[in-house]
Amino acid sequence: MQIERVNELLLEELANAINKEVGLPDALITVSFVDCDPDLKKARVGISVLPDKLAGTALRLLKSSTPQLTGLIKNRIKLRRLPRLIWEFDATEREAEKIEKLIEDVV
C-alpha cells in the first residue's frame, strides 16, 4: 500500500475515532494531516483545535487516549504494523488568520 494512501486512511479513521471517543467539551478537534514514516514506525498527526486556548488540553487528552484510539484503528483497518502516533498542534489556521488580519489592516 502506498504511503499516501496509508496517510489518508489513518487521517480518516483517526478523525472518526476522535469524534466518537475523545470528548472535549466546548471544543472542536480536527485532524489536519497524517504523515507516516516510510517504514510505518511513526506517524506525525497534526490537529487543529477551536477555540485555540484549548489546544494544550486537547493534545494532553489525545496523548493519554492514544492506546484506546490505536486499538480502535487496529480493529478497523488491516496493516502489518500500525505506526506510533505522535501528536502535534497544526498552527496553519492560526497563522492564516494572522496574515488575513494583517492584509485587512493594510487595505
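Only the coordinates and a few stated rules stand behind these numbers; no lab work does. Just so you know, these numbers come straight off a predicted model, no measurement behind them. Ideal geometry is used to build each Cβ from the backbone, glycine not excepted, and the neighbour counts take in all protein chains shown.
Here the contact order of the stretch 1-50, divided by its residue count and restricted to Cα pairs under 8 Å and six or more residues apart, works out to 35 percent. Placing a label point 7 Å from the Cα of residue 75 along the Cα-to-Cβ direction, the residues of the stretch 1-25 whose backbone N falls under 20 Å from that point are 9-24. Based on the Cβ-Cβ distance from residue 8 to residue 105, what FRET efficiency comes out when R0 is 41 Å, to the nearest 0.05? E between residue 8 and residue 105, to the nearest 0.05, is 0.65.
Between residue 88 and residue 42, the distance separating the two model label sites (each 7 Å from Cα on the Cα→Cβ line) works out to 0.9 nm.
With an 8 Å Cα cut-off and a minimum separation of 6 or more residues, compute the relative contact order for the chain in percent.
Reported as a whole number, the value is 28 percent.
For the chain, how big is the tail of P(r) above 22 Å, as a whole percent of Cα pairs? Here the tail beyond 22 Å accounts for 34 percent of pairs. Only beta bridges with both residues in the stretch 3-106 are counted; by DSSP, about 55 percent of them are antiparallel.
Computed extension gain for residue 26 through residue 63, at 0.36 nm per residue and net of the alpha carbon distance, reaches 11.4 nm.
Taking each DSSP H run with n ≥ 4 as -39500 (n - 2.57) and averaging over every residue of the chain yields -18000 deg cm²/dmol at 222 nm. Ordered by the number of other Cβ atoms lying within 10 Å of each residue's own Cβ, fewest first, 54, 85 fall into the sequence 54, 85. Sequence-ordered 3J(HN,Hα) estimates for the stretch 96-107 from the Karplus curve with 6.51, -1.76 and 1.60 and θ = phi - 60° stand at 4, 5, 4, 5, 4, 5, 4, 5, 4, 5, 6, 7 Hz, glycine and proline given as x.
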